[in-house]
1. Looking only at residues in the stretch 156-176 that are part of a loop (DSSP other than H, G, I, E, B) and at pLDDT 85 or above, which one is nearest to ligand 1 (Cβ to nearest atom)?
2. Which of the following residues is closer than 23 Å to ARG90 by Cα, modelled with pLDDT of 85 or more and surrounded by 13 or more Cβ atoms within 10 Å (Cβ to Cβ): VAL132, VAL213?
3. Quick one: which of GLU194, GLU184 is in contact with a Leu (Cβ under 7 Å, 6 or more places away or on another chain) and of a type in the set (Asp, Glu)?
4. Looking at the stretch 90-121 only, could you name the residues that are within 25 Å of GLY30 (Cα to Cα), charged (D, E, K, R) and more than 16 Å from ligand 2 (Cβ to nearest atom)?
5. Under 7 Å by Cβ, and 6 or more places apart or on different chains, what pairs join a residue from the stretch 196-214 that is within 28 Å of PHE137 (Cα to Cα) with one that is of a type in the set (Phe, Trp, Tyr) and at pLDDT below 95?
6. Condition first: near ligand 1 (Cβ under 10 Å from one of its atoms) and among the small types (Gly, Ala, Ser). Now tell me which residues in the stretch 197-214 satisfy that.
7. Restricting attention to the stretch 27-59, and to residues there that are modelled with pLDDT of 95 or more and charged (D, E, K, R), which single residue is nearest to ligand 2 (Cβ to nearest atom)?
8. Restricting attention to the stretch 34-66, which residues are over 30 Å from GLU187 (Cα atoms) and within 16 Å of ligand 1 (Cβ to nearest atom)?
Amino acid sequence: MTWSDAPQLPFGPNPGPGRLISIDGLDGSGKTTLTASLRDHLTATGVPVLTTRLPTTQMRETSFFRLLRDQGRTDLVDPVAFEVAYMVDRIQHCRTVIAPALREGRTVITDRYALSSIGTLLLRLPEMRRTVLDALFSDAWFIDLCRRLIRPDVSFVLWTEPETGARRLRSRPGEADAGFDPLEYAELQRLLLELAAANDMVPVDSGGPPEEVLAACLAHLEGSRRPARHRGGRR
Ligand SMILES: Nc1ncnc2c1ncn2[C@@H]1O[C@H](COP(=O)(O)OP(=O)(O)O)[C@@H](O)[C@H]1O
Ligand SMILES: [Mg+2]
């Protein structure tokens, strides 16, 4: 499969003064681990933090979501409708959870964000894969609706060797038999990194131990801190 160049996603402004940090990456890349370690580190230094995740718990619990994720029922759930629902979930979550916290001055760390529909589900469902990658790379509706999402101050995209991702996934409770083709995992990750590169997202090699991944992200956060006088103004 081929896609034209990755688009720049036209996110909307941050209602500030809080900072929005997003963490995307394939399953097993270490997003949830980094979300927690970043939260613990920032909280210990006195920063008020809200951690959250996408898709929301509410969406994960719908029968719509389960039919596709757990049973692969593309006969009952249209892949485009599913992708639209992911976008609605993001937009609503920005409105009801992320924006209020940013206005209160909290740092919001979101475990998956704009690229949240790129996951290993796509390796199991080719029809879904086509739909999601079309949306992210070329569908006008997707790109246009990104305006309803808040531009992250920093977006991390974690990547790791497919074998490492697979090993980590299998180590998680209930996923002992999580299996996928390493070549397909690598291909999906390559597309994710292409989107990251086109959107000033920060690729982070998460193959090392958790402390190393955290340190790499903290170094980047320090370097990208907005000066106080620029915060909450135009953005
Ligand atoms: N940097 C790391 N080094 C070693 N193990 C890790 C690292 N990051 C995460 N893990 C482990 O790998 C598994 C998957 O990590 P997780 O953070 O849940 O990934 P994701 O949320 O991206 O799917 C977990 O068991 C976690 O403890
Ligand atoms: Mg996770």
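1. Looking at residues that are part of a loop (DSSP other than H, G, I, E, B) and at pLDDT 85 or above, I get THR160.
2. Matching residue, one of VAL132, VAL213: VAL132.
3. GLU184
4. Within the stretch 90-121, ARG90, ARG106 meet the criteria.
5. Close Cβ pairs satisfying both conditions: none exist.
6. SER206, GLY207, GLY208
7. Step by step, filter the stretch 27-59, then rank; the result is LYS31.
8. If the condition is that a residue be over 30 Å from GLU187 (Cα atoms) and within 16 Å of ligand 1 (Cβ to nearest atom), then ARG39, ASP40, HIS41 are the ones that fit.
The values are calculated or read from the model by the stated rules, or taken from the named source; none is laboratory data. Here the structure is a predicted model, which means the values were calculated and not measured. For neighbour counting, all protein chains shown are included, and Cβ atoms are generated from backbone atoms with ideal geometry for every residue, glycine included.
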